[in-house]
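Trainee: Structure incoming, see below.
Read the figures in this text as sums done on the coordinates, not as results from a lab. Computed from a prediction, not measured in an experiment: that's the story for all the values here. No Cβ is skipped: glycine too gets one built from the backbone with ideal geometry, and neighbour counts run over all protein chains shown.
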Amino acid sequence: MESKTQWQILLAIIFGVLLLIPIGTLIYITPATALDAIIRLSALWGFVGLTVSSIVNLNKRILYQKFGLKFMQLHHGLAIFSLAMATLHPVAFAIKTMSILVFIPDFSSWYNFWLLGGRPALIILYIAVIAALFRKKSKKAWKYIHMLIYVVLVLILVHGIMIGTDFQSIIILILFSVLSLGAFLTFLYLRTNSLGILSKKKEK
């Protein structure tokens with residue numbers, strides 16, 4: 001039990017650092033108002049939660065053995081946190097701009113679509129989350145819809161790089177690129193493993 005507690009503390013420290021780094025960027029680039037701070041932090045924290053919730057899929061057994069945590073509990077906790085932050089970001093921005101257009105995807109041009117990629121990303125995120133709620137009724141279909149999470153990550157990352165204030169910080173750029181890479185490598189590993197590609201290579 002003591003060993004698991006130590007691992008839990010380590011996990012809490014790592015996640016805490018990931019949440020504190022975005023706060024540090026507020027010092028580097030000071031927000032004009034408290035609302036601006038909320039807009040920026042909610043975006044960064046939402047992305048952190050989303051990528052970490054994907055990465056913890058890597059090995060559910062170790063997650064329980066080392067940390068004493070059930071995957072679904074941790075995954076759902078991170079998902080709720082990410083969804084809340086992802087929703088708070090445009091809501092706060094809508095309040096600032098006094099416009100609901102911030103929720104509507106822009107298809108006027110390919111450039112604008114990616115520039116404002118957070119808009120379609122939020123819609124796709126909700127679709128992916130809702131699909132997971134119906135996983136008991138559809139054992140396989142929901143998984144493919146839930147994979148749209150990775151489309152969301154791409155849209156958000158590009159959106160952040162193109163227009164995100166905090167991506168002017170090299171630390172944020174590197175951190176979020178690494179988190180994104182970790183999430184996609186986890187996805188590729190799990191997909192190749194589920195298709196039996198890795199096991200076939202081991203047999204050879």
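Trainee: Would you mind classifying the stretch 87-204 by shape? Square roots of the alpha carbon gyration tensor eigenvalues, ordered a ≥ b ≥ c; an a/c under 1.5 is rounded, otherwise it is prolate if a/b is larger than b/c and oblate if not.
Mentor: Working: a/c = 2.72, a/b = 1.55, b/c = 1.75.
Note, shape of the stretch 87-204 comes out oblate.
Trainee: A further question on this structure: Assuming 0.36 nm per residue, please report the length gained on full extension of the stretch Y111 to I14 beyond their Cα-Cα distance. Before the final figure, lay out the partial values.
Mentor: Numbers: separation 97, 0.36 × 97 = 34.92 nm, distance 3.55 nm.
Taking Y111 through I14 to full extension adds about 31.4 nm, to one decimal.
Trainee: Which residue fluctuates most in the GNM of the chain (Cα springs below 10 Å): I55, I174, I161?
Mentor: I174
Trainee: Starting with the highest mean, order 36-49, 147-160, 76-89, 130-143 by the number of other Cβ atoms within 10 Å, averaged over the residues of each peptide.
Mentor: Numbers: 36-49: 21.9, 147-160: 19.6, 76-89: 18.1, 130-143: 11.8.
My ranking of the peptides, most packed first, is 36-49, 147-160, 76-89, 130-143.
Trainee: In addition: Under the rule of -39500 (n - 2.57) per DSSP H run of 4 or more residues, summed and divided by the residues of the chain, what mean residue ellipticity at 222 nm is obtained, to the nearest 500 deg cm²/dmol?
Mentor: Details: 10 runs with 159 residues, N = 204.
Computed mean residue ellipticity for the chain: -26000 deg cm²/dmol.
Trainee: Applying 1/(1 + (r/R0)^6) with R0 = 45 Å to the Cβ-Cβ distance of K143 and T30, what FRET efficiency is obtained, to the nearest 0.05?
Mentor: E(calc), rounded to 0.05, equals 0.55.
Trainee: Note the full-extension length gain between T87 and V151 as 0.36 nm times their separation in residues minus their Cα-Cα distance, in nm to one decimal. Show your work: numbers first, answer last.
Mentor: On the way: separation 64, 0.36 × 64 = 23.04 nm, distance 1.70 nm.
Going from the current span to full extension adds 21.3 nm.
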